[in-house]
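What follows is a single structure, written as structure tokens, with notes after it.
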Amino acid sequence: MIQELADAFSLKDLKSIASFPEEMKAFKQTIQVVEECDRTRLKLQADIAENVNLVKQLVVKAEDVRLVGNMEHMKRIYAQLYELNLELIGEYKKRARNHAELVRNLKTVNSMIQKAARLRTGRYKTQVVQECRKAIKSNNIHALVDIFRSGQASN
């Protein structure tokens with residue numbers, strides 16, 4: 001609608017101030033979910049890295065035991081490897097679900113940025129997108145809310 005009004009009045013640049021409390025409340029919740037997904041992603045990466053190192057150690061240990069000829073101990077090590085492999089598969093599934101949720105919520109964030117940009121035209125529209133990118137890089141959620149409202153971050 002704003003874009004159409006700007007076209008109708010031949011406005012190249014149009015600045016606006018908008019307030020959508022319910023949208024902002026939902027947006028803040030989405031940002032919290034994104035932050036939680038990111039924390040979960042980091043934790044899962046650390047867990048997976050730890051398990052991969054353990055797998056490497058067990059494979060070397062199993063080979064050493066095999067060379068010595070202790071087949072009973074080797075079977076126990078390979079049973080541990082099997083359990084660890086199942087655990088890694090479970091961790092991977094958790095990571096995949098977390099990633100899917102993160103992507104879904106990041107799409108929501110992007111959609112909100114596009115909505116905020118569409119409330120302006122010309123250089124102000126471009127400015128909103130640029131300011132949002134800066135705020136996201138610096139993890140400044142309050143600045144994002146200000147940008148959505150007024151088109152620029154408050155100092």
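Summary table below
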quantity	calculated
Anisotropy class of segment 102-155 from Cα gyration tensor, a/c 1.5 cut	oblate
Positive dipole terminus of the chain, leading residue within V55, M24, L81 (C-beta point charges)	M24
Heavy-atom accessible area ranking, 1.4 Å probe, most first, across S19, S111	S19, S111
Residues of the chain: accessible area per residue with a 1.4 Å probe, Å²	70
Sorted peptide list for 115-122, 21-28, criterion being average Cβ within 10 angstrom, highest first	115-122, 21-28
Solvent-accessible area, 1.4 Å probe, carbon plus sulfur percent, for segment 16-65	59
Compactness of segment 64-155, expressed as Rg and Dmax over alpha-carbon positions, Å	25.4, 76
Cα gyration tensor category, rounded, prolate or oblate, for segment 19-87 with a/c compared to 1.5	prolate
Segment 80-155, accessible surface, carbon-and-sulfur percent (1.4 angstrom probe)	50
Proximal lysines to K12, defined as alpha-carbon separation beneath 27 angstrom and excluding residues fewer than eight positions away on the same chain	K115, K125, K134
Net +/- balance of residues flanking E87 in space, Cβ distance below 12 Å, scoring K and R +1, D and E -1	-2
Relative contact order, percent, segment 36-127 [alpha-carbon distance under 8 Å, six or more residues apart]	33
Which of V145, V128 is most accessible, then next, and so on - probe 1.4 Å	V145, V128
Cα-based helix-to-principal-axis angle, 71-118 vs the chain, degrees rounded to 10	0
Reachable aspartates and glutamates, given that their alpha-carbon falls under 16 Å from the alpha-carbon of K56 and they are not under 8 places away in the same chain	D47, D64, E83, E87
Global form of the chain, assessed from the alpha-carbon gyration tensor, a/c cut-off 1.5	prolate
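The values are calculated or read from the model by the stated rules, or taken from the named source; none is laboratory data. Just so it is clear, the structure is predicted and the values come from calculations on it, not from any experiment. Note: ideal-geometry Cβ built from the backbone for every residue, glycine included; neighbour counts use all protein chains shown. Ligands, DNA and RNA are excluded from the accessible area calculation, which covers all protein heavy atoms including side chains. Shrake-Rupley method; radii C 1.70, N 1.55, O 1.52, S 1.80 Å.
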